[in-house]
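The values are calculated or read from the model by the stated rules, or taken from the named source; none is laboratory data. Model, not experiment: these values are computed from the prediction. With ideal geometry, Cβ positions are generated from the backbone for all residues, glycine too; neighbour counts draw on all protein chains shown. Remember, those area values only see protein heavy atoms, side chains included, never the ligands or the DNA or RNA. Shrake-Rupley method; radii C 1.70, N 1.55, O 1.52, S 1.80 Å.
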Amino acid sequence: MELLIYGIINSITLSLISLGFTLVYSISRLPNFAHGALYISSGYLVWTFLNRVGLPYLPSILLGIGLTSLIGAGIYRFILIRIRGMEISEIIATYAIGLAIIEGLRWGGLRGMTFTLPSFVSGSVRFLGVGVDYQRLFVVGIGLITFLLLYLFTHFNKIGLALRGIAQNERAAMMLGINSDMTAVISLAIGSGLAGFAAVLILPLGSIIVETGYNVLIFAIAVSIIGGLGSWGGAIVASFIIGLAQILTEAFISSHFQMVIALLAIIVTLILKPSGIFGRQKELEERV
Amino acid sequence: MGKAMKEQAILSVKGVTKSFGGLKALADVGFDIEEGEIFGIIGPNGSGKTTFINCITGFIMPDAGHVFFRGKEITGWPAHKIAHIGITRTFQIMRPYYTLPAYKNLIIPLCSPRARKLGGWRGGGRHGDRDTVAVDILEEIGFERDSKVPYKLASTLPTGYQKRLELARCIAMRPEIIFCDEVFSGLSMSEIAGMIPVIEKLKMEGVTLIMVEHRLRELFRVADRVMALNFGEKIAEGEPEEVIEHPKVREAYLGSEEV
Amino acid sequence: MEMTRKERIDRGIKVRTEGIYAISSWEEVLYLAGPRLVLILGLLSLPLVLQVAPYWKRVVNITCIYALLALSFDFLANYVGLVCLGGAFFIGVGGYLSAIFNVYLGFPIYLSIPLATFLGAILCTFVILPVLPLRGVYFAIVTLMYPLLFTRIIEAFNILGGTNGIAGVESFPSPWVEQYLVILITLIALFGMRRLVNQDIGLVLRGVKDNDQSVRASGMNITSLKAFAVFIASLIGCFGGAYLAHLYMWAGISLFALDFSIIPIAAVVIGGGGTLTGAVIGSFILVPLSEFLRFAGTFRIVIYCVILTAVIVLKSEGLMVYFQRKYHQRERWVKL
């Protein structure tokens, strides 16, 4: 039972982390290798606002997420837009930018102490006989609400529908007059915002470490590969698979297995169904 | 008579069906092709002609249906295996190997296991003289040998030459069947006049041609039999004159005449 | 005011050296062979010249390793269409394998390096194999992830020496071997690959990059072709790793470091993508530069990334392409 609860918490955490990456790819076909970097920079930004600038917690959070969104949108608007369509260059550029941010933070960012973000609520509660601290419940709760909001957004709101339309069929959407560059900027803003949002929720559970940037990227990619690049449903399902598997192995084997699970899951997926669970990329079929 | 014809059929396709999501692209389409004939496939845009070719040649997996080549089932084979046994195709949207000169484009098919085994068109093309064979092939299909044309970068060639290059790519593999996907489209009248002898020469060499075309008048000059598709279904098959008179075909192209 | 435009035409000597006429006189031979001779002799003489500055001899060795990685990246990305974001993977695999053969299994150095190179290439190709039939994005993703993943796994499980690595790797029998082995291999790799891409099989690989549907329609299995290309690239990379392990007499997690992934890409972009020589030249610029920047710690990576992004975004043609153009063509202003 305890495992189940922790498994669900872990899974929702994973899906929150990966959602931004999946969203950007599904809408703009852009693999945002800077995703992890954006995640961790949001954490640093909020910490800076909170501790160096002295703002209260909530405005710090909002500012942090907002800035991260802007950075993401800026990356597209000023850099990626010039190399749009050249897949090789896009991949290299997002990777380089992500690396620059992470390593830049490692070098210049707040060395010496451990940096943490305070929890929203302290204390814990017994839930179905299992001790869970409030922060984690918060994560799950807000996570679920986020999914619900996203679902509503993309099914009922005009902009959201436009984004979903582009995600399904870019050409048709373009013919209907939806501006592909504008949506790319929006999608990157939303994706980065989601990354920042996830960071704000999850980082209070531990401390802000630069390595997390890479780990987040690895997890986001793992989830995307297993669930299918660009599939939102797939991302959630994959998060649950990986999340539960991680908790199970942590309990029964050892706690070092997080990464191994991700790697194994990727390899198994690649062997059995490379395009992922809900993958719509029928390998090379599409391009004939 | 029917059974005997089927035994002669070099390519036999039955019941090919393919849907993309909710869109039914092909519904139970099939044909039997005799060796050495020129068979046309006509139909308005979106009727599924290219999808049909893709399903037969292994670029797309059909949802249902069977394809037989000389009696052997090849349904679902990957594209390169189907090309290897002699069924080649051109691409409607031409993408030559941009960074290479025209004749070098042919080196690639000449390197295929099939061409290495059988020798490219008219033999030769084993390692060493591939360049010469490539230029020979280009000459056969109408590139002027002594000019600079074969040596120009493929991306700088005019459309007529690029279309011929596509065809040459197939020819280099000593094919038994060539699926020509709209080889006449985008060409001027004189360019088409230059292509037709190539087609006829191929037929004389015993190659079976299956041509998807919009330019009906030109197609009917060379085709022995024709099949018409509309909305993914076969609506007519037979001699060109019969098919063009068929009411469903007229309706597909010209629209219904009912008020 | 008269209007002018820039016109580029081939230099006379370039036209005169086409085809068989290349050997008709010393001037022509020198024109063609000159740059290559300069490169070869220059590289070969570096260790001799640098006797006065031993520290820099090691820099040359490291540079050659990066050059090998850059060559493999250029080949895969610009000739086959596969973007490899994880050169560190080859280095790590080659290095660890060589250390395993040498330290755990006791093989001598002249066995462990070739074995590590060859088996490492097989291993790398094998783990990359599943993504080869898929779209190029998957290849980039997987090559990016493997070094990161393997680092964490080695750390977590404390295998293969864990964070301490495998020590006691045999060093080279003599300093001259140490120096010249890698330089020779680099030269062989460079000229070998240039030959390869102009051979027929090289053309087929380039066809895969330009239009893989066409290659399939010509009866060839693209996945096998890509696997072949990856194998060649990993041969080069794993050799670099094996060499490095013996150079430092140690194999550790730092073999999977980001430097090995990023610097080759930057070297290729700056040196001129698609020219192979550009990769080597770019490495010889960037790696000594990074030695100067050693004090900056991980900030070096930030600098590389910024330069890399700038060059990509500005769609610069790279040094080698620029020099080739200058060498072969004249520019002049022409009246309209």
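One table, with the values for the structure above:
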item	result
For residue B:67: the one exception among (1) under 19 Å from residue B:175 (Cα atoms); (2) open to solvent by 10 Å² or more (accessible area, probe 1.4 Å)	(2)
Which numbered condition residue C:273 misses (of (1) open to solvent by 30 Å² or more (accessible area, probe 1.4 Å); (2) within 16 Å of the chain's Cα centre (by Cα); (3) more than 26 Å from residue C:128 (Cβ to Cβ))	(3)
Scope region A:42-68; condition open to solvent by less than 10 Å² (accessible area, probe 1.4 Å) and under 16 Å from the mean Cα position of the chain (by Cα); matching residues	A:42, A:43, A:64, A:68
Hits in region C:283-336 - residues which are within 14 Å of another protein chain (Cβ to nearest Cβ), in a helix (DSSP H, G or I) and not aliphatic (A, V, I, L, M)	C:290, C:294, C:295, C:299, C:300, C:304, C:305, C:309
Among the residues listed as B:228, B:252, B:193, the single one being open to solvent by less than 30 Å² (accessible area, probe 1.4 Å), at pLDDT below 85 and either in a strand (DSSP E or B) or of a type in the set (A, V, I, L, M) (or both)	B:252
Flag if residue B:164 is closer than 26 Å to residue C:220 by Cβ and modelled with pLDDT of 85 or more	no
Single condition residue C:114 does not satisfy, out of (1) farther than 21 Å from residue C:151 by Cβ; (2) within 14 Å of chain A (Cβ to nearest Cβ); (3) within 19 Å of the chain's Cα centre (by Cα)	(2)
Breaking point among (1) open to solvent by 50 Å² or more (accessible area, probe 1.4 Å); (2) within 22 Å of residue A:96 (Cα to Cα), for residue C:76	(1)
Qualifying position, being open to solvent by 20 Å² or more (accessible area, probe 1.4 Å), of a type in the set (Val, Ile, Thr) and at the interface with another protein chain (Cβ under 9 Å from one of its Cβ atoms), among A:83, A:88, A:71, A:92	A:88
Filter result for the condition that a residue is within 14 Å of another protein chain (Cβ to nearest Cβ) and either of a type in the set (Asp, Glu) or in contact (Cβ under 8 Å) with a residue 12 or more places away in the chain (or both), over B:168, B:223	B:168
Search result, residues across region C:252-270 that are open to solvent by less than 10 Å² (accessible area, probe 1.4 Å), under 20 Å from residue C:58 (Cβ atoms) and among the small types (Gly, Ala, Ser)	C:252, C:267
Considering residues of region B:88-103 that are open to solvent by less than 40 Å² (accessible area, probe 1.4 Å) and without any contact (Cβ under 8 Å) to a residue 60 or more places away in the chain only, the residue nearest to the chain's Cα centre (by Cα)	B:97
Candidate set: region B:41-70, residues that are among the β-branched types (Val, Ile, Thr), in contact with an Asp or Glu (Cβ under 9 Å, 6 or more places away or on another chain) and farther than 26 Å from residue B:217 by Cα; chosen: the one farthest from the other protein chains (Cβ to nearest Cβ)	B:67
Every residue from region C:128-187 that is charged (D, E, K, R), in a helix (DSSP H, G or I) and open to solvent by less than 50 Å² (accessible area, probe 1.4 Å)	C:152, C:178
Among the candidates C:97, C:71, C:85, residue that is touching a residue at least 60 places away in the same chain (Cβ under 8 Å), part of a loop (DSSP other than H, G, I, E, B) and open to solvent by less than 50 Å² (accessible area, probe 1.4 Å)	C:85
Any hit, region A:233-250, residues being modelled with pLDDT under 85, under 14 Å from residue A:261 (Cα atoms) and buried (at least 22 other Cβ atoms within 10 Å of the Cβ)	yes
Listing of helices (runs of 4 or more DSSP H) fully contained in region B:77-123 that carry 2 or more residues being of a type in the set (A, V, I, L, M, F, W, C) and in contact with a helix residue (DSSP H, G or I) (Cβ under 9 Å, 6 or more places away or on another chain)	B:79-84, B:107-110
Residue within region A:89-100 that is free of Cβ contacts under 8 Å to residues at least 60 places away in the same chain, of a type outside the set (Gly, Ala, Ser) and assigned to a helix (DSSP H, G or I) present	yes
Any hit, region C:168-179, residues being polar (S, T, N, Q) and within 14 Å of another protein chain (Cβ to nearest Cβ)	no
Residue match in region C:54-63 (condition: touching an Asp or Glu at 6+ places or on another chain (Cβ under 6 Å) and assigned to a helix (DSSP H, G or I))	yes
Residue in region C:201-212 that is of a type in the set (S, T, N, Q), closer than 15 Å to residue C:95 by Cα and either touching a residue at least 40 places away in the same chain (Cβ under 8 Å) or outside any helix (DSSP H, G or I) (or both) present	no
Members of region A:1-41 that are crowded, with 20+ Cβ neighbours inside 10 Å and among the small types (Gly, Ala, Ser)	A:11, A:15, A:18, A:20, A:26, A:28, A:34, A:36, A:37, A:41
